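Written below as structure tokens is the structure these notes are about.
The values are calculated or read from the model by the stated rules, or taken from the named source; none is laboratory data. Owing to the predicted nature of the structure, the values given are computational and were not obtained by experimental measurement. Here Cβ is always computed from backbone atoms with ideal geometry, including for glycine, and neighbour counts include all displayed protein chains.
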Amino acid sequence: MAGLYVHIPFCKKACFYCDFHFDVSFKHKDAIVSGLINEIKLRKEFISSNEAIESIYFGGGTPSVLSIAELEQIFETIHVSFDVATEVEVTFECNPDDLSLDFLKELKSVGVNRLSIGLQSFNDEILTWMNRSHNSQQSVQCVLDAAEVGFDKITIDLIYGIPQLSDTEWRETVLRALQLPVNHLSAYSLTLEENTPYEKLVKQQKYEKPNNDLASDHYSSLIEIINQQGWEHYEVSNFCKPGNYSKHNTSYWQNKKYLGIGPSAHSFNGESRLWNVSNNATYLEKLDSGVATYEQENLSPQDRLNETLLTGLRTKWGVNLNALKTIFGYDINTLYVSTIHCTQHDCTGNP
Ligand code: SF4
């Protein structure tokens with residue numbers, strides 16, 4: 001089983017907190033679509049012919065800035081290059097202002113079967129404060145439209161820990177979100193990332209920085225409501241109606257193989273992590289040479305063990321210590337005995 005990630009590096013507006021790779025100029029959009037197609041062809045051997053693609057994820061940036069014709073070209077290349085499983089999960093990230101009824105119908109007809117919609121908040125002042133490209137009315141309407149068109153797998157993103165968002169308002173936000181026809185929710189704490197407009201505004205004392213205590217209260221409220229509503233909390237930031245896990249993201253947490261296409265996209269082949277340059281123009285220049293170029297880090301068995309531990313512990317399934325010993329040859333109780341001892345005894349770090 002393998003996954004495929006396709007990065008669409010364009011956004012209409014720069015949300016002030018975001019440090020993902022994207023460009024607000026669409027100057028290179030046609031070239032990038034051709035580049036993605038090129039890169040898929042160049043790297044198709046990454047996935048062996050006997051491995052089926054079980055999940056495809058269009059992320060960004062904002063994939064919903066693509067036209068259906070562009071999306072069709074990318075899909076066609078994917079299907080020609082790989083063995084795509086019949087039950088493949090195809091997630092498409094989108095912003096509410098892009099989702100007209102017609103566009104939703106076309107997305108469905110080209111094979112998208114899961115929508116990931118960046119709602120973030122139902123408060124218009126907060127959406128403006130974050131420089132989002134949509135308002136709350138568009139957020140609600142697009143989810144209703146998506147359900148009407150027949151999407152039965154819809155996930156939404158929300159942001160908590162926003163300084164001006166009271167715990168009461170956050171609780172109302174979560175309840176309102178869960179009343180929508182969605183089966184999955186990702187909730188992230190507002191964070192102050194380096195080199196973002198938010199960091200600059202905080203340095204200029206024009207914006208307040210995130211409040212950790214408030215974020216902690218919001219997170220506790222979220223978990224309380226999720227449990228009351230009978231949803232599952234299956235990963236630190238991810239929640240769903242029972243059993244409706246994200247197949248694609250779960251494969252990341254379970255260390256499965258995936259190929260990442262597009263500027264800034266990361267890949268994992270089981271032993272190495274590989275990543276593409278985070279610059280649209282440079283990405284295209286490199287592809288012009290006819291060879292896929294990326295940076296690569298080879299992971300030692302202990303690196304892989306550490307990653308497996310860290311990602312596994314983010315999920316409700318945790319890690320199987322016996323399986324770790326069999327796969328990596330390390331006994332966790334011996335390897336991390338001093339760390340485990342210190343944590344258990346709340347000491348200062350000396351074994
Ligand atoms: S739409 Fe998404 S990727 Fe684009 S700037 Fe906003 S948060 Fe970042």
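Figures for the structure shown
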| item | result |
| --- | --- |
| Among the residues listed as Asp102, Asp97, the single one being within 16 Å of the ligand (Cβ to nearest atom), in the same structural domain as Lys13 (by TED's automatic domain parsing) and under 18 Å from Val140 (Cα atoms) | Asp97 |
| Only listed residue being of a type in the set (Asp, Glu), touching a residue at least 40 places away in the same chain (Cβ under 8 Å), over 24 Å from Asn113 (Cβ atoms) and assigned to a helix (DSSP H, G or I), chosen from Glu199, Glu169, Glu194, Glu208 | Glu169 |
| Residues satisfying the stated conditions in the stretch 51-73, i.e. surrounded by fewer than 22 Cβ atoms within 10 Å (Cβ to Cβ), over 25 Å from Gly270 (Cα atoms) and touching a residue at least 12 places away in the same chain (Cβ under 8 Å) | Val65, Ile68, Glu70, Glu72, Gln73 |
| Residue under evaluation Ser136, criteria (1) in contact (Cβ under 8 Å) with a residue 24 or more places away in the chain; (2) away from the ligand (no atom under 14 Å from the Cβ); (3) touching a helix residue (DSSP H, G or I) at 6+ places or on another chain (Cβ under 7 Å), criterion not met | (1) |
| Any strands (runs of 3 or more DSSP E) falling wholly within the stretch 217-271 and containing at least 3 residues that are modelled with pLDDT of 95 or more and not acidic (Asp, Glu) | 238-240, 257-261, 266-268 |
| Residue in the stretch 40-57 that is under 25 Å from Ile117 (Cβ atoms) and either polar (S, T, N, Q) or within 16 Å of the ligand (Cβ to nearest atom) (or both) present | yes |
| Residue check for Ser48: part of a loop (DSSP other than H, G, I, E, B), surrounded by fewer than 16 Cβ atoms within 10 Å (Cβ to Cβ) and of a type outside the set (D, E, K, R) | yes |
| Scan of the stretch 19-37 for residues that are surrounded by 15 or more Cβ atoms within 10 Å (Cβ to Cβ) and at pLDDT below 95, ordered by number | His28 |
| Residues of the stretch 1-22 classified as more than 12 Å from Gly262 (Cβ to Cβ) and not in a loop (DSSP other than H, G, I, E, B), total | 2 |
